[in-house]
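Report on the following structure.
The values are calculated or read from the model by the stated rules, or taken from the named source; none is laboratory data. Everything numeric in this text was worked out from a predicted model, so none of it was measured. With ideal geometry, Cβ positions are generated from the backbone for all residues, glycine too; neighbour counts draw on all protein chains shown.
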């Protein structure tokens, strides 16, 4: 998110000259002191001062303080800025990546879980949101506002309340398994089933035990077999919940963008003989590109930071298959009193999000302007 | 433009630096080396409790108010939403409550960083506490804090399901073999015989019965991969595999007591807190409580306890100790026992307790041979990892599970 805002701010800066008076190029004019507009500068700073102070105190300072904590072995006794707090440099970070141990295994497990989570939730919720938006944007649809409200409703409901409802629905004798048994399917014990989806599929084709090549080793403390487990059954239930709740919000964004697409454009292409699919693919979607970027970015950030559903529904169980970096960071800091490592995890998570957002920005760049290829870097 | 950017960056850095400095200044620069200033006279004690429910909160509030009136101090009791987290925050903020509950499993974490005042021997007659509880709250040879009360695990049996399977009082299992055979009879009648939670706090009891435990007696060595522990886990695995036992989650219950109360299992292994849950949620279910069946190395159970921790940084340590004395007197402990069903931590209260609650004999008898939680710092994530692996015990190799536990425990204990 941060990269998006700074990039656009930079652009404004360039075009508007930063709102500052030019210091040269006015040679012919007499100069009184520092120029008649110098008061404006002070006034400008005064006007933005409250926001700067608020952002600084509640945003920047805590981040810098947390970064300091991530470099120490602070035990949570008194302030972390005292002289007695042991400074350990990058130890908290290296333990997450290079030292074989529980810390690394937990962290890598959480990364694995979240990777599968992101890989499934982001595409599905985006497609679903777009589909819903196209549906309720349909001019022929009756009772539009009812459907809009209905689709948006999950997003405005408290995530804790929804999580609890889903806990009941996915209970062993809950609604989901009731429906499944109606079709003769014996539903799983959703929130205690730690089996990974890919493992389950492999089990169907007869691969129950990992082949030697996959179980003997692998990168970063987990075996290849562990990396390739797929999301667990419990994680799938959480994914279903998140997709259901967030697609409403994103639907609203797509809807706003769709309504600014000129109807004339659509009609013109229809007259030109374009099919429905062609109109969607070559007229509507290109116009939705900025919104698509926004939705994907917000989706990516939101899914990497997933916390409250995990906290309410599973606490990382069963067998750590719903452990995510955000929840692990909380648990490490506030349950294990290892504040340094907890802070380190959250900074690694921050980096992951920034890198992925940059990568996504690069993928979605405007290809028809080759000279501005590296603009996203600035 | 370049210059402006630099200046902007400089301003930002300066602003951040100033903010950071001012934030750090707020904490004052006393390094905590000097003991906290002690205040005499009337104290305003802050007491943070991890309450089991309204009954406990009310009982502690009443007791604190009585003490306050008698001693001329004030005492504010706050029930915590999340004790560990709230305590962590207040310790980090240099403003801990004076007195607070310390869970036995967490005790070493606090003691090792110097958050607790080691006052254990200053209360009246410290030798009267059960030795296993004193051991639990001893760190580096110092008895830190007075045990508040304790609970042990026992075997609860649903009377209706038991008789329906044609079993009588004579069939109550006292050994693992008998447990297996009654479980098979119950299973033949279509009931799930045993609900046992997938945590070291339940399965660990089998390890104790088999003569093993996760760490050595002095808490300095990892003994997780011993043959005794493998025997214990293999036995539990055989129960799970044979459909003779099940984890509560698979029975659609949050914990063993819920599965038991709903009649989804004929037996469960839980502590004396189950009494309150049964009276409140399942008043019509009849059940009996027995000591856990003995394993190859005799009887074994686990004890759970809290102590009255006093903050090392408290300003009113003397008054706090006086408060704890009042809270751990025999009379007060009996009041608590009657109010919310805990067992007094003083041996001299035992007879009174068994007289008042004859049905709880199995629980209090367990005190003789109970094993307390692992008391070494930073073990929580290791044990949580073990719990997670117990989740898959039905299919996993017990040796491999214990091997991982051993490796992680060794790394944490640094031994």
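Brief remarks follow.
- Checklist (1) at the interface with chain A (Cβ under 10 Å from one of its Cβ atoms); (2) surrounded by fewer than 20 Cβ atoms within 10 Å (Cβ to Cβ); (3) free of Cβ contacts under 8 Å to residues at least 24 places away in the same chain applied to residue B:378, failing item: (3)
Every residue, every condition in (1) within 14 Å of another protein chain (Cβ to nearest Cβ); (2) buried (at least 22 other Cβ atoms within 10 Å of the Cβ); (3) not in a helix (DSSP H, G or I), yes or no:
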{"residue": "B:180", "(1), (2), (3)": "no, no, no"}
{"residue": "B:201", "(1), (2), (3)": "no, no, no"}
{"residue": "B:204", "(1), (2), (3)": "no, yes, no"}
{"residue": "B:208", "(1), (2), (3)": "no, yes, no"}
{"residue": "B:218", "(1), (2), (3)": "no, no, yes"}
{"residue": "B:228", "(1), (2), (3)": "no, no, no"}
{"residue": "B:232", "(1), (2), (3)": "no, yes, no"}
{"residue": "B:238", "(1), (2), (3)": "no, no, no"}
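- Within the range B:394-415, the residues that satisfy the criterion of being surrounded by fewer than 21 Cβ atoms within 10 Å (Cβ to Cβ), more than 10 Å from every other protein chain (Cβ to nearest Cβ) and in contact (Cβ under 8 Å) with a residue 12 or more places away in the chain are B:394, B:398, B:399, B:403, B:406, B:410, B:413, B:415.
- Against the conditions (1) over 21 Å from residue A:75 (Cβ atoms); (2) in a helix (DSSP H, G or I); (3) under 24 Å from the mean Cα position of the chain (by Cα), residue B:150 satisfies every one except (2).
- Every listed requirement among (1) away from chain B (no Cβ under 11 Å); (2) free of Cβ contacts under 8 Å to residues at least 12 places away in the same chain; (3) surrounded by 22 or more Cβ atoms within 10 Å (Cβ to Cβ) is met by residue A:344 save one, (2).
- Failed item, numbered, when residue B:320 is tested on (1) in the same structural domain as residue B:196 (by TED's automatic domain parsing); (2) crowded, with 22+ Cβ neighbours inside 10 Å: (1)
- Residue, surrounded by the fewest Cβ atoms within 10 Å (Cβ to Cβ), within the range B:105-127, restricted to residues that are modelled with pLDDT of 90 or more and more than 13 Å from chain A (Cβ to nearest Cβ): B:118
- Residue list for the range A:188-211, restricted to those being assigned to a loop (DSSP other than H, G, I, E, B) and within 12 Å of chain B (Cβ to nearest Cβ): A:188, A:189, A:193, A:194, A:195, A:208, A:209
- Any chance residue A:287 is more than 23 Å from the chain's Cα centre (by Cα), surrounded by 14 or more Cβ atoms within 10 Å (Cβ to Cβ) and away from every other protein chain (no Cβ under 14 Å): yes
Per-residue answers, yes or no, for (1) assigned to a loop (DSSP other than H, G, I, E, B); (2) under 20 Å from the mean Cα position of the chain (by Cα); (3) in contact (Cβ under 8 Å) with a residue 24 or more places away in the chain:
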residue	(1), (2), (3)
B:275	no, yes, yes
B:280	no, no, no
B:283	yes, no, no
B:289	no, no, yes
B:292	yes, yes, yes
B:305	no, yes, yes
B:310	no, yes, yes
B:313	yes, no, yes
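- Complete set of residues in the range B:315-350 that are outside any helix (DSSP H, G or I) and touching a strand residue (DSSP E or B) at 6+ places or on another chain (Cβ under 7 Å): B:316, B:328, B:342, B:343, B:344, B:345, B:346
- Test: residue in the range B:293-311 that is on the phi > 0 side of the Ramachandran plot and out of contact with any strand residue (DSSP E or B) (no Cβ under 9 Å at 6 or more places or on another chain): yes
- When every residue of the range A:196-210 is checked against the conditions, at least one turns out to be surrounded by fewer than 12 Cβ atoms within 10 Å (Cβ to Cβ), closer than 30 Å to residue A:107 by Cα and touching a residue at least 24 places away in the same chain (Cβ under 8 Å).
- Qualifying residue in the range B:355-367 (condition: closer than 30 Å to residue A:196 by Cβ, without any contact (Cβ under 8 Å) to a residue 60 or more places away in the chain and assigned to a loop (DSSP other than H, G, I, E, B)): no
- Filter result (part of a helix (DSSP H, G or I) and either more than 14 Å from chain B (Cβ to nearest Cβ) or farther than 21 Å from residue A:331 by Cα (or both)) within the range A:93-111: A:93, A:94, A:97, A:111
- Close pairs (6 angstrom Cβ cut-off, 6 or more residues apart or separate chains): in the same structural domain as residue B:285 (by TED's automatic domain parsing) and within 13 Å of residue B:265 (Cβ to Cβ) in the range B:158-175, assigned to a helix (DSSP H, G or I) and modelled with pLDDT of 90 or more anywhere: B:165/B:185; B:165/B:186
- If you go through the range B:88-104 and keep only what is closer than 18 Å to residue B:144 by Cβ, more than 9 Å from every other protein chain (Cβ to nearest Cβ) and either free of Cβ contacts under 8 Å to residues at least 60 places away in the same chain or in a helix (DSSP H, G or I) (or both), you end up with just B:104.
- Evaluating residue B:175 against the criteria (1) modelled with pLDDT of 90 or more; (2) buried (at least 19 other Cβ atoms within 10 Å of the Cβ) leaves one unmet condition, (2).
- Condition broken by residue A:84, with the remaining ones in (1) surrounded by fewer than 22 Cβ atoms within 10 Å (Cβ to Cβ); (2) touching a residue at least 40 places away in the same chain (Cβ under 8 Å); (3) within 12 Å of chain B (Cβ to nearest Cβ) satisfied: (2)
- Residues satisfying the stated conditions in the range A:308-341, i.e. at pLDDT below 90, within 12 Å of residue A:106 (Cα to Cα) and either in contact with a strand residue (DSSP E or B) (Cβ under 8 Å, 6 or more places away or on another chain) or surrounded by fewer than 18 Cβ atoms within 10 Å (Cβ to Cβ) (or both): A:319, A:321
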